[in-house]
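To keep things clear, I will list the structure first and then write my remarks on it.
The values are calculated or read from the model by the stated rules, or taken from the named source; none is laboratory data. A quick note: this is a predicted structure, and the numbers were derived from the prediction, not measured. Because the Cβ atoms are built from the backbone with ideal geometry, glycine has one as well, and the counts that use them run over all protein chains shown.
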Amino acid sequence: MKSGWQNFESRFSALSQREKGLITLCGSVLIVMMLLLGLIEPALKQGQARQLQMQTLTSSNQQLQGEIMALQAQLAKNPDQELDVELSQLTLQSQEISELLAAKMTSMVAASEMPNLLESVLKQGQQLKLVSLESLPAEPIVRAKESGSESEYYIHPVRMELTGSYFAIRDYLQALEALPVKYYWRHFHYRVESYPQARVILEVYTLGSREEFIGG
């Protein structure tokens, strides 16, 4: 290992100052990107897991509601005690899932407040420049083709683009993570334009029970 390191040192020393500078710059950029990914990757994974969980719960509830409607139609034509018991059990299961979904919504930031929240945190620092802030169209948690009915819950994504130094971007991301309200990360792209200045494109989302457009 020692001889390998000495070989690297001798080869590095033989490079021109410009080549040395480029290698140092590339190394610095790589370290910065790894640090930011280390900060944001857990949040991205959590956002993906929560979306999958909500999709599963919503899909299960819609399936239960379909079964409930079918049993109600059967009972209307031909009353049956066993069917009545099954209907009660399915109704209880559906209510429990609905309550669980509602509980998960209570701590989420309201869809209409999401863009203002991102911008207000940005204004607390003076070293970042907001390039764009855009509310994207709401998306149903479960697609109509998959469920056979309209979704009860929707994803409300917001896309933000900003520029600044690594430390300013890091501080902004940490401030967002420290917010008392809940939201989830969906996408993060970091690109160095002119070191140490970089451009970040991020996408976060909240959940809502209405397919409303959130202005931004």
Considering segment 84-116 alone, what residues qualify as being part of a helix (DSSP H, G or I), farther than 21 Å from Ser60 by Cβ and among the hydrophobic types (A, V, I, L, M, F, W, C)?
Ala111, Met114
Would you pick out the residues in segment 133-152 that are modelled with pLDDT of 80 or more and either in a helix (DSSP H, G or I) or within 30 Å of Gln63 (Cα to Cα) (or both)?
Leu136, Pro137, Ala138, Glu139, Pro140, Ile141
With the checklist (1) in contact with a Leu (Cβ under 8 Å, 6 or more places away or on another chain); (2) modelled with pLDDT of 85 or more; (3) more than 30 Å from Gln63 (Cβ to Cβ); (4) surrounded by 14 or more Cβ atoms within 10 Å (Cβ to Cβ) in hand, flag the one item Ile155 doesn't pass.
(3)
Residue in segment 101-123 that is hydroxyl-bearing (Ser, Thr, Tyr), within 23 Å of Leu44 (Cβ to Cβ) and in contact with a Leu (Cβ under 9 Å, 6 or more places away or on another chain) present
no
Among the residues of segment 168-189, write down those that are β-branched (Val, Ile, Thr) and either within 13 Å of Leu202 (Cα to Cα) or within 13 Å of the chain's Cα centre (by Cα) (or both).
Ile169
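Okay, residues lined up against (1) modelled with pLDDT of 85 or more; (2) more than 23 Å from Pro180 (Cβ to Cβ); (3) within 19 Å of the chain's Cα centre (by Cα):
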position	(1), (2), (3)
Lys77	no, yes, no
Asp80	no, yes, no
Asp84	no, yes, no
Gln89	yes, yes, no
Ser94	no, yes, no
Met105	no, no, yes
Ala111	yes, no, yes
Glu119	yes, no, yes
Gln126	no, yes, no
Which of the following residues is aromatic (Phe, Trp, Tyr), over 18 Å from Gly47 (Cβ atoms) and at pLDDT below 90: Phe167, Phe188?
Phe167
Can you name the number of the only condition in (1) touching a residue at least 40 places away in the same chain (Cβ under 8 Å); (2) surrounded by fewer than 18 Cβ atoms within 10 Å (Cβ to Cβ); (3) under 22 Å from the mean Cα position of the chain (by Cα) that Glu139 fails?
(1)
Has segment 114-126 got at least one residue that is surrounded by 12 or more Cβ atoms within 10 Å (Cβ to Cβ) and farther than 18 Å from Glu161 by Cα?
no
